[in-house]
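Have a look at the structure below, then the notes.
The values are calculated or read from the model by the stated rules, or taken from the named source; none is laboratory data. These figures come from a predicted structure and were not determined experimentally. Cβ atoms come from the backbone with ideal geometry, glycine included; neighbour counts cover every protein chain shown. What goes into the accessible areas is simple: the full protein's heavy atoms, side chains included, and nothing from ligands, DNA or RNA. Shrake-Rupley method; radii C 1.70, N 1.55, O 1.52, S 1.80 Å.
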Amino acid sequence: MIDKRTAPVAWSTLMYELEDAQEHLMNLCKEMNCNSEYSDIEFQIDIAHIYSHLNRAWNGRNATEKQSDDEVLWRQWSQFPTDIEPL
């Protein structure tokens with residue numbers, strides 16, 4: 001797990017992903033509650049976006065400072081994790 005004190009840039013990237021996922025999830029809940037015409041397609045897009053943030057947080061949880069800024073890894077880390085089981 002990234003250590004806030006020894007890897008502040010990687011920590012910041014991890015926190016960004018989690019906080020952005022939280023923000024988008026809150027917006028999704030508001031939109032679904034307020035918009036009676038919210039569609040399945042919109043839901044799919046919004047959920048996929050939230051998953052991408054959560055996936056990057058999980059897959060990058062052990063990132064080094066250098067890795068946290070790697071575009072190839074960013075795309076790989078956006079994929080659903082293979083090392084976690086849904087509960």
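Work out from phi, with θ = phi - 60° and the Karplus expression 6.51 cos²θ - 1.76 cosθ + 1.60, the ³J(HN,Hα) of each residue of region 73-81, listed in order in whole Hz, and give x for Gly and Pro. Calculated HN-Hα couplings, in order: 5, 4, 5, 5, 5, 6, 6, 4, x Hz.
Go ahead and set up a Gaussian network model of the chain, Cα springs under 10 Å, then flag whichever of Ser39, Ser52, Ser12 fluctuates most. Of Ser39, Ser52, Ser12, the Gaussian network model singles out Ser39 as fluctuating most. Rolling a 1.4 Å probe over the protein heavy atoms gives the chain an accessible area of 76 Å² per residue.
Scan the chain and report its longest stretch carrying no trypsin sites (Lys or Arg not before Pro) that are both in a DSSP loop and have at most 14 other Cβ atoms within 10 Å. Each step should come with its number before you reach the end.
On the way: sites that count: Lys4, Arg5, Arg61, Lys66.
In short, 6-60.
For the residues Ala21, Ala48, Ala57, a GNM of the chain with alpha-carbon springs under 10 Å puts the largest fluctuation on Ala48. Residue by residue, region 19-31 carries 3J(HN,Hα) couplings of 5, 5, 4, 4, 4, 5, 5, 5, 5, 4, 4, 4, 4 Hz when phi is fed to the Karplus relation 6.51 cos²θ - 1.76 cosθ + 1.60 (θ = phi - 60°); x denotes Gly or Pro. Go through region 7-13 residue by residue and turn each phi into a ³J(HN,Hα) via Karplus (6.51, -1.76, 1.60, θ = phi - 60°); whole Hz please, and just put x for glycine and proline. Result, rounded to whole Hz: 9, x, 6, 4, 4, 4, 5.
For region 43-87, what class follows from the C-alpha gyration tensor (a ≥ b ≥ c being the square roots of its eigenvalues): rounded when a/c is under 1.5, otherwise prolate if a/b is larger than b/c, else oblate? Mind dumping the intermediate values first?
On the way: a/c = 2.63, a/b = 1.47, b/c = 1.79.
Oblate, because a/c is 1.5 or more while a/b does not exceed b/c.
Could you pull out the GluC sites (Glu not before Pro) across the chain that fall in loop regions by DSSP (anything but H, G, I, E, B) with no more than 13 other Cβ atoms inside 10 Å?
Glu37
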